[in-house]
Amino acid sequence: MLGYLLIAPAAIILLGLLAYPLVLGVWLSLTSATLGKAGEFVGLQNYATILADPIFRGAAAYSVFYTVCSEVGKLVLGLALALVLNQQFRGYRAARALMLLPWVAPTVLSALAWLWLLDPQFSALSWLLVQLHLVHSNVDFLGHPWPARFSLIVVNIWRGLPYFAIGYLAGLQSISKDLYEAAAIDGADGWQAFRRITWPLLAPITTILVAFSSIFTLTDFQLIWTITRGGPTDATQVFTTLAYQRAISGGQLGEGAAIAISPIVFMVVLAFFVVRSVREK
Amino acid sequence: MRLRGLRIYGPLTLYGIFLLLPFYWMLLTTFKSREELLNTANPFWIYHFTFSHVIELLTQTAYLQWFANTLFVSVASTVVSVFISYITAYAIIRLRFPGSEVVSTVIFLAYIVPPAILFIPLATIIIQLHWFDKLWALVPIYATFLVPFCTWLLIGFLKNIPRELEEAARVDGASNLAILWRIIFPIAVPGLISAAIFSFTLSWNEYLYALVYMSSSGNKTVSVGMTTELIRGDVFQWGQLMAGALIGVLPAILVYFFFVEYYVAGLSGSVKE
Amino acid sequence: MKHLDRREFLATSAAGIGAAALTGAFPSLASAADASPFKPEKDAKLELLRWSGFVKADDTIWAENTKKFTAATGVPVQIQSLNWPDVTPKAALAAQVGSGPDIVMGWNDDPFVYPDKLVDMTDVVENLGKAHGGWYDNARSYCFDQDVKRWVALPVGVTGNALNYRKSWAREAGFNEFPKDLDGMLKMARGMKKNGHPTGFALGHAVGDANSWTHWILWAFGGKQANPDNSIAINSPETNGALQYGKALYETMIDGVSGWTDASNNQAFLAGKIGLTMNGISIWYVAKEQFPAIFPDCANAIPPYGPVKTHTIANNFTSAYVFKYSKYPNAAKDYLRFMLDQAQAGPWVTGMLGYVTPALKGYADLPIWTQDPNITPYRDVMQGAKYDGYNGKPGKAAAQALDEFVLVDMFADVCVNNMAPKDAMRKAETRLNTIYKRA
């Protein structure tokens, strides 16, 4: 009885403000609803339409690419940063707090700072590269499909890396020092210790970090919307920007809902891994 | 010793450059004149220092009001969400009632719903509840994305608290609720701080819900107020925008400076095998 | 920052009213105000959602006028302003859930997305049209819904688009006057580029700047997105001509225009990196206030003709509409009528140096338009202006095509991605067919 009582607040909030609107959203995706008009049930027609739409397919492909590249980048760089921060050195507390800044700063505002840093005319990064004689003229970060796609990935890594670093730092601190000492006695070098002890023991936190972060990344909106709005020529559209464009600006609620719902397939798979890893413990 | 120093400070410098460059940029922009932003011999330097952007931000916009709003919403939703998550996590792992497995699964699934589309159906509900343009309404709304993560984190943390403690208390005749408050709570503090920091950060940065569900200027948050009132059509008030961004980071950076160890310890406690 | 101070503001607005009385364009100002046919409901109060002014004087004077309305009628009006692209989603949400601001001042085809939710504005449109010399054609295109056969919005005006250029660099390229046709402009652009002063026209997903110049060029060559029956007409020799011209113009542009947002051309122009672009008056306005070094060299010109030999300007059209869920539709109508009446709209347009060109023809007589020859082009942007989706039916389909940047992407494909014009046209045709079939 007490159990039900204790979970009641969470249940009310999640059912009322999350599950119920989600069901409404799924229902919308099965109708021909437009803004201000309820529309009628059309079955899976919206899904058929978007699957046939090359822009949707491009957005789906870039969403996955964006997520995979960002996650790999965040994982590798985040783990490396955690290994550095896990040591005792002068100013380590300030270093830990400062390195977290990108994850802490309001995304809309830091995206604006990046927009200016990547500007084709006024980019300070371009200026630096020109001064170092690495390039002849300003780099056009956002004007062409591939540079724009990778620029957004870099910004995403920038924002999410600290989240991985802090998670891994926690993971590292939960590993007993004895294990390393035992390994040292057996004559293992640093790399072997990392491969045999650190990495396997970090597996659970890795699953969780990647799963939670992937969900965030796959449904990222603010960052891309602020910097490119899905351009140039739809090269950086993702699920959410396209859904927003279709549903809100264009008024095609049904189709927009279908686009927004579609990544849930990917996310259920990811969520499955989180649930499993938590259960296993 | 010098080699060790190099191995720490070398990579740290590289990371620092990558991670902090945009903030250095914000700092420069905050104190540069508008003209210098467009024409300068060295963009990484300030030739004509000016306080005018900061002054204009604080005197000509409702920035302080937005700041107070954001602080209120973030603190309130953090307290509410962490509390709810704590009792939920306890119920799931200790009071193995029928269906508790299902509940924990459902809570994780709750994470996968993107706000970018949820906000329209959710709006219907907000309107029916008469929550529109009420600042406190953001508290339960933010709980929808805070509670799942915090619950997950606390489940992991509480699991590692030895059962013996509770059993000893129970032998002494303590009720479940008493155990929840007097025995578990003090031990769970690192985990709770960890969850709280996470919640505070996400609430502080939230944009879409605050943009669509709040309408009067007096109810705007920092992110929303800045982007809706400091971008005038095709003219960006860069100096004020970046000044506001920097000031907006301050509370979070203070929180992290003082609590980052607890945060790590809390997370660490919840991922322990 | 220097803004019009109060005395200056009063002087200009008084001059505006005086001149209007002299020309007789505004018969019996006072009686127009007295004889308002719209009687606010008892205890009415209003909420207005609008875009925040592109120039600060807009918001200031709008708020002062609103205060005057409240003083005269006792109806309080709460103004909520948002960055301009954020108005569309907020209004969409209001339409969907049936609650929110009473009045929205939004953009382009917004009212056509949910016409059933909007109050019939025909009476206000007629009342104001009669008092102020009638409406430009564009007003009907953007505010009269052909499906529900009524005015669903009250036309307000446009933030007009003209060409901004540097006089001395044009002169260096051999042009003492701004060329009158597109060929001349291309010659000038090439000359400027050769002297190290490129041009700059946005080709990224910049809501205002990328759409404005691509539509203008397309129409200047006689290209059309659709026919009056809404069949797609983009794949044509005329469009091909426009794309070839776009490509030639692109070669005179600065690097990176395909990543430009709405703010980019303002910044590049004010920094002296480009010598020619298309924009509202904000570049000139900011130069006047903050860039005294280049201001004397800045000039504005009406976009020249293409082969069709008429003006084909694309502006950002703004209109005000009232939701049916509002409890005070008459108060809302009275407020809008009041705000667009001479005594209010005159000082408003004057104070922001013509940033908004009213859709009422009578306001072309305001003295502000001729106070400086660089403001005059913005007076004329409504003449011959077309609407997005031209020459099809204004409405949902056109709105979506605009939101999805179909025409901008077509130009970008040719200019930036080196696609052959015929392929780019076919791609745009396919997209438009999908959009028009769906809508």
Next on the checklist: If you fit an axis through the alpha-carbon atoms of helix B:100-109 and take the longest principal axis of the Cα set of chain B, what angle between them do you get, 0 to 90°, nearest 10?
Outcome noted: 10
Checklist outcome for this item: The farthest towards the positive end of the charge dipole of the protein assembly as shown, of the residues A:Ala8, B:Gln240, A:Ala52, given +1 on Cβ of Lys and Arg and -1 on Cβ of Asp and Glu, is A:Ala8
Next on the checklist: Using only Cα atoms and rounding to the nearest 10 degrees, what angle (0 to 90) does helix C:209-220 make with the longest principal axis of chain C?
Outcome noted: 70
Checklist entry - What's log10 of I(q)/I(0) for segment C:324-431 at q = 0.15, 0.17, 0.21, 0.24 Å⁻¹, Debye sum over Cα points only, no solvent? => result -0.88, -0.93, -1.04, -1.15
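For peptide B:20-32, how many partner chain Cβ atoms fall within 10 Å of a residue's Cβ, on average?
Details: counts 4, 8, 14, 6, 2, 7, 6, 0, 1, 3, 0, 0, 0.
So the per-residue partner count for this stretch is 4.
Using only the Cα atoms of segment A:1-155, build the gyration tensor, take square roots of its eigenvalues as a ≥ b ≥ c, and label the shape rounded, prolate or oblate: rounded if a/c is under 1.5, else prolate if a/b is larger than b/c, else oblate.
On the way: a/c = 2.77, a/b = 1.34, b/c = 2.06.
Oblate, because a/c is 1.5 or more while a/b does not exceed b/c.
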Checklist outcome for this item: Expected vector for segment C:188-201, Karplus 3J(HN,Hα) from phi with 6.51, -1.76, 1.60 and θ = phi - 60°, integer Hz, x for Gly and Pro, equals 5, 4, 5, x, 5, 4, 4, 8, x, 10, x, 9, x, 10
Item to check | Fraction in percent of alpha-carbon pairs per bin - 10 Å, segment B:34-125 | outcome: 12, 19, 24, 17, 15, 10, 3
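Taking 1 over the mean of 1/r across every pair of different Cα atoms in segment C:44-146, what Kirkwood radius in Å do you get? Provide the component values of the computation, followed by the final result.
Numbers: mean 1/r = 0.0659 Å⁻¹.
Hydrodynamic radius (Kirkwood, Cα pairs) of segment C:44-146 is 15.2 Å.
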Next on the checklist: As a test of the formula, what do you get for chain A when each DSSP H run with n ≥ 4 contributes -39,500 (n - 2.57) and the sum is divided by the residue count, at 222 nm and rounded to the nearest 500 deg cm²/dmol?
Outcome noted: -21000 deg cm²/dmol
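Would you kindly calculate the mean projected area, averaged across all directions, of the convex hull enclosing the Cα atoms of segment B:1-50, in square nanometres?
Numbers: hull surface 17.9 nm².
For the Cα atoms of segment B:1-50, the hull's average projected area reads 4.5 nm².
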Next on the checklist: For a quick check, take a GNM of chain A with Cα springs below 10 Å and name the residue from A:Ala271, A:Ala211, A:Ala11 with the largest mean-square fluctuation.
Outcome noted: A:Ala11
Next on the checklist: Rounded to two decimals, what is the ratio between the C-alpha radius of gyration of chain C and 2.2 N^0.38 Å?
Outcome noted: 0.97
Checklist outcome for this item: The set of residues whose placed amide H lies less than 5 Å from the amide H of C:Ala385, leaving out same-chain residues fewer than 5 positions away, is C:Ile313
Item to check | Mean shadow area of segment A:50-132, taken as a quarter of the surface of its Cα convex hull (nm²) | outcome: 8.9
Checklist outcome for this item: Sorted largest first, the Cα spans of chain B on the principal axes come out in Å as 74, 65, 29
Checklist entry - Can you list the HN-Hα couplings for segment A:130-145, worked out from phi with the Karplus curve (6.51, -1.76, 1.60; θ = phi - 60°), rounded to whole Hz and with x for Gly and Pro? => result 5, 4, 7, 6, 8, 9, 8, 9, 3, 7, 8, 5, 10, x, 10, x
Checklist entry - Spin-label point model (7 Å from Cα, Cβ direction): what's the A:Ser176 to A:Leu132 distance in nm? => result 4.6
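Do the sum for chain B: with -39,500 (n - 2.57) for every DSSP H run of n ≥ 4, divided by all residues, what is the mean residue ellipticity at 222 nm, to the nearest 500 deg cm²/dmol? Display every interim value, and only then the final one.
Values: 12 runs with 200 residues, N = 273.
Mean residue ellipticity at 222 nm (helix-derived): -24500 deg cm²/dmol.
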Item to check | Cross-link pairs C:Lys333/C:Lys361; A:Lys37/C:Lys224; C:Lys224/C:Lys386; C:Lys130/C:Lys333 - those with Cα-Cα distance over 18 Å | outcome: C:Lys333/C:Lys361; A:Lys37/C:Lys224
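What fraction of the Cα pairs in segment A:92-164, stated in percent, has a spacing above 21 angstrom? Display every interim value, and only then the final one.
Values: 957 of 2628 pairs.
Of all Cα-Cα pairs in segment A:92-164, 36 percent lie more than 21 Å apart.
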Checklist outcome for this item: Within the protein assembly as shown, the percent of DSSP beta bridges that are antiparallel, given to the nearest 5, stands at 75
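Could you order the peptides B:53-64, B:222-233 from most to least packed, using the average number of other C-beta atoms within 10 Å per residue?
The packing order, highest mean first, is B:222-233, B:53-64.
Would you mind giving the mean number of other chain beta-carbons within 10 Å of the Cβ of each residue in B:99-111, as a whole number?
Values: counts 3, 3, 2, 0, 6, 4, 6, 7, 5, 9, 11, 9, 10.
Taking all residues of B:99-111 together, the mean is 6.
Using a/c under 1.5 as the rounded threshold, could you call segment A:132-281 rounded, prolate or oblate? The axes a ≥ b ≥ c are square roots of the C-alpha gyration tensor eigenvalues, and prolate needs a/b larger than b/c, oblate otherwise. Mind showing how you got there, number by number?
On the way: a/c = 4.01, a/b = 1.61, b/c = 2.49.
It is oblate, given that a/c is not under 1.5 and a/b is not larger than b/c.
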Next on the checklist: Please enumerate, by chain and number, the aspartates and glutamates with C-alpha under 17 Å from the C-alpha of C:Lys427, excluding those fewer than 8 residues away in the same chain.
Outcome noted: A:Asp53, A:Asp234, C:Glu238, C:Asp403, C:Glu404, C:Asp409, C:Asp413
Checklist entry - Counting pairs of Cα atoms in segment A:87-217, how many percent are more than 21 Å apart? => result 60
Checklist entry - Given a Förster distance of 35 angstrom, what is the FRET efficiency for C:Lys180 paired with C:Asp229, based on the Cβ-Cβ distance and rounded to 0.05? => result 0.55
Checklist entry - Taking Cα atoms, how many degrees apart are the long axis of helix B:238-271 and the longest axis of chain B, rounded to 10 and kept between 0 and 90? => result 20
Checklist outcome for this item: Rounded to two decimals, the Rg over Rh value of chain A from Cα coordinates and the Kirkwood Rh reads 1.04
Item to check | Qualifying lysines (Cα of each under 22 Å from Cα of C:Lys288; at least 8 residues distant if same chain) | outcome: B:Lys32, C:Lys2, C:Lys56, C:Lys167, C:Lys273
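Which value, in nm² and rounded to one decimal, describes the direction-averaged projected area of the C-alpha convex hull of the protein assembly as shown?
Numbers: hull surface 169.1 nm².
Averaging across all directions leaves 42.3 nm² for the Cα convex hull.
Tell me what chain C gives for mean residue ellipticity at 222 nm when only DSSP H runs of n ≥ 4 count, each as -39,500 (n - 2.57), the sum divided by the residue total, rounded to 500 deg cm²/dmol.
Numbers: 20 runs with 200 residues, N = 439.
So the helix-based figure for chain C works out to -13500 deg cm²/dmol.
Once you average over the residues of A:224-231, how many Cβ atoms of partner chains fall within 10 Å of each Cβ? Don't jump to the answer; show the numbers that get you there.
Details: counts 0, 5, 3, 2, 4, 7, 4, 14.
Across A:224-231, the average partner-chain Cβ count within 10 Å equals 5.
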Item to check | Table column - 3J(HN,Hα) (Hz), segment C:323-337, Karplus curve with 6.51, -1.76, 1.60, x for Gly and Pro | outcome: 7, 5, 6, 5, 7, 10, x, 5, 4, 4, 5, 5, 4, 5, 4
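Only the coordinates and a few stated rules stand behind these numbers; no lab work does. Please read all numbers here as calculations on a predicted model, not as lab measurements. Cβ atoms come from the backbone with ideal geometry, glycine included; neighbour counts cover every protein chain shown.
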